[in-house]
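Participant: My questions all concern the structure below.
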Amino acid sequence: MSTLAAKRFILVTGKGGVGKTTICAAQSLALSAGGQRVLVAMCNAKERLSTMLGTAPIGADIVQVADRVWAVNMVPERALQEYGLLVLRSRALSKTILDNRIARSFLRAVPGMQEWSMLGKAWWHTTEKAPDGSFKYDTVILDAPATGHGLDMIRVPKVILDVMPPGLLRRDAERAWALFQDPAVCSIVVVTIPEEMPISETIELGAALGHLELPVGRVVVNGVLSPIFSPGERAALGALPGFEVRSRGDAAIGAARERAAREDVQVECLGRLSRELRVVPTVVPLLFENAATLAAIRVLAGYV
């Protein structure tokens with residue numbers, strides 16, 4: 001397991017619905033509390049980060065959302081325009097080229113160009129400098145798409161290196177890919193929950209990232225129940241015969257059996273994750289109140 005405080009780029013992915021944005025929000029507050037300047041970049045998302053951090057909705061412009069934390073919800077067309085401006089150094093020239101119908105058709109035909117427009121923008125912000133020459137952001141957190149699309153996005157720089165001739169696009173893709181493969185400055189955080197299907201998908205994702213020689217710096221298991229039963233108690237509850245609920249006592253025993261079964265599933269999932277990915281997962285507790293609030297995100301920041 002690696003500390004994330006020293007990373008320039010943190011890419012967060014995982015199966016849809018496991019709480020990736022929640023973990024991004026918590027991580028941004030944890031890093032900013034340590035003095036880091038953090039940018040959270042979302043990929044054309046149904047934006048929920050503003051609710052979690054108690055701010056106005058976040059759009060395609062970078063806005064400050066907390067002390068030392070900024071955020072942006074990237075849109076492919078806008079991100080491509082910004083990338084063109086950064087590369088060409090001229091707003092007029094960039095507009096002339098990117099507004100051209102033939103040029104737009106060509107760019108749409110480049111494999112993964114929409115994904116690169118957002119991934120490349122997020123990467124570029126890791127290189128952005130303040131007037132004093134320091135990095136504008138100490139860490140950029142990319143809230144990447146869910147597993148399948150997220151993996152396709154991560155692969156894009158390699159695809160560009162495989163198919164594009166030498167030039168500005170290939171140069172930047174090469175620089176970005178080198179950063180993504182460097183565990184000293186980049187970390188991929190995979191978020192999951194302690195259930196069989198998400199754990200299986202996480203293990204497959206870990207294997208795919210390993211094949212690409214990309215560093216999985218952390219596996220976060222979100223929504224974990226704190227155990228209230230010992231292994232022996234869980235076994236005893238699981239061995240009870242079925243019965244018809246006729247009293248409050250019966251209902252309590254039934255609820256205890258369900259809780260014990262869920263704890264057994266968690267133990268199995270965490271063990272499987274540790275064995276097959278050879279990691280010690282970071283466990284984030286299940287909150288019984290609404291997790292999409294600033295108070296809840298502050299609590300979760302203590303775990304990531």
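The values are calculated or read from the model by the stated rules, or taken from the named source; none is laboratory data. None of these values were measured; they are calculated from a predicted model. As a convention, Cβ positions derive from the backbone with ideal geometry for all residues, glycine included, and neighbour counts pool all protein chains shown.
Participant: For the range 162-181, what are the residues that are under 17 Å from L209 (Cβ atoms) and free of Cβ contacts under 8 Å to residues at least 60 places away in the same chain?
Facilitator: Residues satisfying the conditions are A176, W177, A178, Q181.
Participant: If you take the residues of the range 275-289 that are of a type in the set (A, V, I, L, M, F, W, C) and outside any helix (DSSP H, G or I), which of them is surrounded by the fewest Cβ atoms within 10 Å (Cβ to Cβ)?
Facilitator: Among them, the one singled out is F288.
Participant: Got at least one residue in the range 115-132 being under 20 Å from G217 (Cα atoms), modelled with pLDDT under 85 and crowded, with 16+ Cβ neighbours inside 10 Å?
Facilitator: no
Participant: Give the range 22-50 a look and list any residue that's farther than 24 Å from F135 by Cβ, surrounded by fewer than 22 Cβ atoms within 10 Å (Cβ to Cβ) and in contact (Cβ under 8 Å) with a residue 24 or more places away in the chain, or say none.
Facilitator: The answer is N44, A45, E47, R48.
Participant: Could we say that V224 is at pLDDT 95 or above, surrounded by 15 or more Cβ atoms within 10 Å (Cβ to Cβ) and within 21 Å of the chain's Cα centre (by Cα) here?
Facilitator: yes
Participant: If you check V191, V224, which single one turns out to be touching a residue at least 60 places away in the same chain (Cβ under 8 Å) and more than 13 Å from G150 (Cβ to Cβ)?
Facilitator: V224
Participant: What number goes with the only condition from (1) under 17 Å from the mean Cα position of the chain (by Cα); (2) within 16 Å of L119 (Cα to Cα); (3) in a helix (DSSP H, G or I); (4) small (G, A, S) that A208 does not pass?
Facilitator: If we test A208 against (1) under 17 Å from the mean Cα position of the chain (by Cα); (2) within 16 Å of L119 (Cα to Cα); (3) in a helix (DSSP H, G or I); (4) small (G, A, S), just (2) comes out false.
Participant: Turning to a different aspect of this structure: State whether the residues of the range 243-253 include one that is among the polar types (S, T, N, Q) and either part of a loop (DSSP other than H, G, I, E, B) or touching a Pro at 6+ places or on another chain (Cβ under 6 Å) (or both).
Facilitator: Checking the range 243-253: at least one residue is among the polar types (S, T, N, Q) and either part of a loop (DSSP other than H, G, I, E, B) or touching a Pro at 6+ places or on another chain (Cβ under 6 Å) (or both).
Participant: Here are the criteria: (1) modelled with pLDDT of 80 or more; (2) closer than 19 Å to W124 by Cβ. Tell me which single one G34 does not satisfy.
Facilitator: (2)
Participant: Another one. Looking at this structure, is I199 closer than 30 Å to E263 by Cβ, among the hydrophobic types (A, V, I, L, M, F, W, C) and in contact with a Gly (Cβ under 8 Å, 6 or more places away or on another chain)?
Facilitator: no
Conditions (1) touching an Asp or Glu at 6+ places or on another chain (Cβ under 9 Å); (2) crowded, with 16+ Cβ neighbours inside 10 Å; (3) within 19 Å of V280 (Cβ to Cβ); (4) charged (D, E, K, R), marked per residue:
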residue	(1), (2), (3), (4)
D162	no, no, no, yes
E201	no, yes, no, yes
L205	no, yes, yes, no
E213	no, no, no, yes
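Participant: Where in the range 1-73 are the strands (runs of 3 or more DSSP E), entirely inside, with at least 2 residues that are over 12 Å from I141 (Cβ atoms)?
Facilitator: 63-66
Participant: Across the range 119-170, what is the number of residues that are assigned to a helix (DSSP H, G or I) and either basic (K, R) or out of contact with any Pro (no Cβ under 7 Å at 6 or more places or on another chain) (or both)?
Facilitator: 26
Participant: For the range 1-18, which positions are of a type in the set (G, A, S) and surrounded by 24 or more Cβ atoms within 10 Å (Cβ to Cβ)?
Facilitator: G14, the sole residue that qualifies.
Participant: Among the residues of the range 139-146, is there at least one that is at pLDDT 90 or above, surrounded by 14 or more Cβ atoms within 10 Å (Cβ to Cβ) and in contact with a His (Cβ under 6 Å, 6 or more places away or on another chain)?
Facilitator: Taking every residue of the range 139-146 in turn, at least one turns out to be at pLDDT 90 or above, surrounded by 14 or more Cβ atoms within 10 Å (Cβ to Cβ) and in contact with a His (Cβ under 6 Å, 6 or more places away or on another chain).
Listed here are the residues, each with its yes/no results for (1) surrounded by fewer than 12 Cβ atoms within 10 Å (Cβ to Cβ); (2) under 30 Å from L53 (Cα atoms).
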{"site": "I193", "(1), (2)": "no, yes"}
{"site": "P198", "(1), (2)": "no, yes"}
{"site": "G210", "(1), (2)": "no, no"}
{"site": "F243", "(1), (2)": "yes, no"}
{"site": "S247", "(1), (2)": "yes, no"}
{"site": "E263", "(1), (2)": "no, no"}
{"site": "L273", "(1), (2)": "no, no"}
{"site": "A291", "(1), (2)": "no, yes"}
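Participant: Continuing with the same structure: Looking at R262, R272, R257, which is the one that is of a type in the set (K, R), over 24 Å from the mean Cα position of the chain (by Cα), within 15 Å of I193 (Cα to Cα) and part of a helix (DSSP H, G or I)?
Facilitator: R262
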